[in-house]
1. Looking only at the range 245-269, filter to residues that are closer than 13 Å to V178 by Cβ and surrounded by fewer than 22 Cβ atoms within 10 Å (Cβ to Cβ); which one of those is modelled with the highest pLDDT?
2. In the range 89-104, what residues are surrounded by 15 or more Cβ atoms within 10 Å (Cβ to Cβ), within 14 Å of I54 (Cα to Cα) and either in contact with a Gly (Cβ under 9 Å, 6 or more places away or on another chain) or among the charged types (D, E, K, R) (or both)?
3. Looking only at the range 188-231, how many residues end up being among the basic types (K, R) and within 27 Å of A147 (Cβ to Cβ)?
4. Within the range 18-31, can one find any residue that is over 21 Å from G115 (Cα atoms), modelled with pLDDT of 95 or more and not hydrophobic (A, V, I, L, M, F, W, C)?
5. Looking at the range 178-215, which of the residues that are outside any helix (DSSP H, G or I) and of a type in the set (V, I, T) is surrounded by the fewest Cβ atoms within 10 Å (Cβ to Cβ)?
6. Here are some conditions: (1) at pLDDT 85 or above; (2) within 22 Å of I171 (Cα to Cα); (3) of a type outside the set (A, V, I, L, M, F, W, C). P308 meets all but one. Which one does it not meet?
7. Give all pairs with beta carbons closer than 7 Å in which a residue from the range 168-192 that is over 14 Å from E231 (Cα atoms) meets a residue that is not in a loop (DSSP other than H, G, I, E, B) and not hydroxyl-bearing (S, T, Y); count only pairs at least 6 apart in sequence or on separate chains.
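The values are calculated or read from the model by the stated rules, or taken from the named source; none is laboratory data. What you see is a predicted model, and the numbers here were worked out from it, not measured in a lab. Cβ atoms come from the backbone with ideal geometry, glycine included; neighbour counts cover every protein chain shown.
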Amino acid sequence: MRMRIDPVTYTPFHEALYDLRVRDAMSKNLIVLGPEATMLDAQIAMRDHRISGIPIVIDGDKLVGLVSIQDVIEALVANDIHAPVGKWMTEKVYTVREKIPLIQAVKELQKRGFGRLPVLNAEDRLVGMLTNNDVTRAVMLRLNEEARAAEQREADLMARSMSATQERPGIERIEIRVEPMDLDAAGTFAGLVKKAVKKRGVSPDVARRAAIAAYEAEVNVILHSMGGILEAFLSDQDITILSRDRGPGIPNVDEAMKEGFSTANEVVRALGFGAGMGLPNMKRCSDEFSISAPASGTTVTMKILFNPPSQATHQENATEEKT
């Protein structure tokens, strides 16, 4: 697992490492021995339980040392396998606390080159053992849970959208899912929107505005979120474009709506994006525009009329927004 993360290589796996705590991943069913046990006892316990290290404790859960399979091998070589574990155990044991972020424990495992780390609670009592396998298992379980939750959310959204569509006869619906940093797919949604709008026989200006709004929404989700859903609903009178993403939201919407304001990182800028015109362009191309950006994500709704009151009026409004 790579700990140096940039926006391109950052994945939900890394996100889970930051969200989870050591207590969420550690093994709690511990095999322990007391200092009076022999190295032969340790060897048998490791063999029977298929583990490579055993904590040595007193009073049931106070850690005083650790015996590894390497210690057992050295005791065998020295013909000292019947010696007490206290003679061969490592007394200076690196540990982690159960409440720290899992990412910190992973860094410690990598830094020290350990196969395991004992886990202590606030009272310095042994409560678990953390291995690389524990980390992988916990992250995969979290990702599976999030995947199921995401599928359910998308199913609910689709059900609501289909219900709304059924209530409005003659509505055409377009939907695509957008993945983070998938710039190869940028323009897919905009292309579908432009094609569908042109079939309605609208003016070139309306088709152009719809395509631009769709494209800007698509790129915003790709560059600034963990993915999302883009939808378009076409009637005989208008098109409504809906963008929902999974991401950090927008702390200051008013500031984000200013031309030139951008939170894009150097990677995004190097790719030619991040000029700070996405949201302003979306609003400029829309006859109706709204944005909701709580901490859990951003939702943008844009409506473009197929027969606006007058082209001049729309151009005038666009000019006023620039000033």
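1. In the first step, residues of the range 245-269 are kept if they are closer than 13 Å to V178 by Cβ; the result is 245-247.
Checking which are surrounded by fewer than 22 Cβ atoms within 10 Å (Cβ to Cβ) leaves us with 246-247.
Values: R246: 83, G247: 73.
Filtering the range 245-269 for residues that are closer than 13 Å to V178 by Cβ and surrounded by fewer than 22 Cβ atoms within 10 Å (Cβ to Cβ), the one modelled with the highest pLDDT comes out as R246.
2. M89, V93
3. 0
4. Just the residues of the range 18-31 that are over 21 Å from G115 (Cα atoms), to begin with: 19.
Add one more test, that the residue is modelled with pLDDT of 95 or more, and what stays is none.
Scanning the range 18-31 turns up no residue that is over 21 Å from G115 (Cα atoms), modelled with pLDDT of 95 or more and not hydrophobic (A, V, I, L, M, F, W, C).
5. Here is the first cut: in the range 178-215, the residues outside any helix (DSSP H, G or I) are 178-182, 186-187, 200-203.
Going one step further and asking which of them are of a type in the set (V, I, T), we end up with 178, 202.
Working: V178: 24, V202: 20.
Of everything passing the filter in the range 178-215, V202 is surrounded by the fewest Cβ atoms within 10 Å (Cβ to Cβ).
6. Tallying (1) at pLDDT 85 or above; (2) within 22 Å of I171 (Cα to Cα); (3) of a type outside the set (A, V, I, L, M, F, W, C), P308 fails exactly one: (1).
7. Pairs found: P180/I222; M181/I222; D182/I222; L183/I222; A186/E218; A186/V219; A186/I222.
Quick grid of which residues meet (1) under 32 Å from the mean Cα position of the chain (by Cα); (2) farther than 17 Å from S235 by Cα; (3) not assigned by TED's automatic domain parsing to the domain that holds G247:
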| site | (1), (2), (3) |
| --- | --- |
| D182 | yes, yes, no |
| L192 | yes, no, no |
| K198 | no, no, no |
| A214 | yes, no, no |
